[in-house]
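Computed from the coordinates by the stated procedures, all read-outs in this text should not be read as laboratory data. Note that the coordinates shown come from a computational prediction; the quantities given were computed from them, not determined experimentally. Ideal geometry is used to build each Cβ from the backbone, glycine not excepted, and the neighbour counts take in all protein chains shown.
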């Protein structure tokens with residue numbers, strides 16, 4: 001058996017894709033690995049995960065919020081500019097060979113919204129340092145992205161409190 005960096009993809013319409021990715025980041029940091037997380041959609045709000053990472057793993061987990069928040073409430077060009085800046089940061093971090101694990105939270109939307117060509121993303125996955133693990137999250141992963149991954153998990157929505165009119169709750173959704 002050999003070891004190498006894996007591409008891990010969490011997709012689907014169920015809750016828990018980002019939560020699982022953050023769990024993977026915590027596991028890696030706990031084992032002494034250097035981690036970088038880039039969130040492509042979430043805005044600058046102080047989420048529970050951002051607050052926890054800043055205090056629990058200073059210097060070991062780097063978090064970048066490259067999004068502008070709820071994309072459906074904004075001009076497309078604003079969302080696109082932020083996503084492209086995040087993508088440039090991701091390329092820099094991936095090719096730097098300075099990390100053991102990189103989380104690209106909600107990267108699938110860059111393909112789905114035609115912000116970054118799918119081929120450019122898949123090409124970068126192939127060019128990454130051999131030891132680098134990547135965790136990619138987001139709904140509607142493309143067939144080619146799924147094929148490029150080593151491990152794919154689909155989160156399936158069976159029941160969600162939002163359907164009963166319950167708002168997102170601090171510590172659960174953010």
message: Please compute the length gained on full extension between residue 173 and residue 113, using 0.36 nm multiplied by the number of residues separating them and subtracting their Cα-Cα distance.
response: 19.3 nm
message: If packing is taken as the average count of other Cβ atoms within 10 Å, what order do 91-104, 21-34 fall into, highest mean first?
response: 91-104, 21-34
Calculated [θ] (222 nm, deg cm²/dmol) that DSSP helices of n ≥ 4 give over the chain, each run adding -39,500 (n - 2.57): -11000 deg cm²/dmol
- prompt: So if R0 is 22 Å, what FRET efficiency would residue 88 and residue 142 give, r being the distance between their Cβ atoms, rounded to the nearest 0.05?
  reply: 0.55
